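Down below is the structure, laid out as structure tokens.
The values are calculated or read from the model by the stated rules, or taken from the named source; none is laboratory data. These figures come from a predicted structure and were not determined experimentally. Because the Cβ atoms are built from the backbone with ideal geometry, glycine has one as well, and the counts that use them run over all protein chains shown.
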Amino acid sequence: MFIGIIFLIIGLFAIVVAFHQRKDRIWFALLAIITLLLSWNQAGTYARHKYFHLNSVMSTKVVTKVNSSAKKLANSLETKNDKLNSSLSSQSASLKKKAGSLHVSLAKNQSSTGTSSTQTTDSTELAAKKYTGQQTITVNQNNPSFSTADLSTNKGAWQTYGNLDRNNRVSAANALLNKSLMPKTEREALDVDPTGWHNKRTSNGWLYNRCHLIGYQLTGQNNNAKNLMTGTRSLNDPEMTTYENQVADYVKENKNHYVRYRVTPIFRNNELVARGIHMEAQSIGSDAVHFNVYIFNIEAGYTINYQTGTSVKK
């Protein structure tokens, strides 16, 4: 802008001189015109530059302001979302805990009904057994201890679950299994925490499972506190599952197939975690399904405190 003004002054001066000089008037006039054109162009260039500069600054300010507002809004929404997720997680955990407690309370208040039987093998004897490297052993030469009355089908298929004891521990579960008892829906998540439930991750998943005494695939019993105990992963699968599948396969073959079934958790004294599980089964009218086994509630590489359910890695 400053240079343009200088050129403008020179141009005006040249015009004045041109009109006072007769001999060189044409050249002075030409020089004056060129100088005026240069000064005009310089002034215009500056004006355009200033205009575009102001527009650019204003646009930048607007965009910056918009971006800043959007960022604040996004941060605010993110904070609210985090708080909401935290609240929902807390409520979900609380509801799950309440549901589990409710199932346990119902189990304690309900009385056991149905057929019961006397086992010839003393549970105290099984509880005293020590694990020596074989997780599943046979009992009574693999012959189940059912009486003639136990094997009756007069009442059709049925299932019963023993009451929880004073320590909230499960007791024996009995059933006369048939295809009619098998579930027709997918199993839902479990929310009952059995006695001694102190779970932890291992290299293969989890140390403990919520083990059904009578498997879900056989009766559809799921969140029944009278049917769930704290068992190691290996106890649940493959050991118990192997025998449950034998029963399930036979029952599914024919609607007239029945299997007398009994599963008894074996506790030592007042311990909260069972030392093992006693499983007996007998198909009615044949020996297609016939077993009497005891499975130790152990997990390779871990030492379990059966009194509390806590554990340490060896």
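A compact table of results
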| item | result |
| --- | --- |
| Filtered residues of the range 232-249 (kept if within 27 Å of the chain's Cα centre (by Cα) and part of a helix (DSSP H, G or I)) | 233, 234, 235, 236, 237, 238, 239, 240, 241, 242, 244, 245 |
| Checklist (1) closer than 30 Å to residue 154 by Cβ; (2) in contact (Cβ under 8 Å) with a residue 60 or more places away in the chain; (3) in a loop (DSSP other than H, G, I, E, B) applied to residue 308, failing item | (1) |
| Subset of the range 205-231 (residues that are closer than 17 Å to residue 264 by Cβ and either within 18 Å of the chain's Cα centre (by Cα) or part of a strand (DSSP E or B) (or both)) | 211, 212, 228, 229, 230, 231 |
| Flag if residue 168 is at pLDDT 95 or above and in contact with a helix residue (DSSP H, G or I) (Cβ under 7 Å, 6 or more places away or on another chain) | yes |
| From the options 281, 274, 288, residue that is outside any strand (DSSP E or B), in contact with a Pro (Cβ under 8 Å, 6 or more places away or on another chain) and under 30 Å from residue 157 (Cα atoms) | 274 |
| Failed condition for residue 269, given (1) over 26 Å from residue 184 (Cα atoms); (2) of a type outside the set (Gly, Ala, Ser); (3) touching a helix residue (DSSP H, G or I) at 6+ places or on another chain (Cβ under 7 Å) | (3) |
| Qualifying residue in the range 271-281 (condition: out of contact with any Gly (no Cβ under 9 Å at 6 or more places or on another chain), assigned by TED's automatic domain parsing to the domain that holds residue 176 and free of Cβ contacts under 8 Å to residues at least 60 places away in the same chain) | yes |
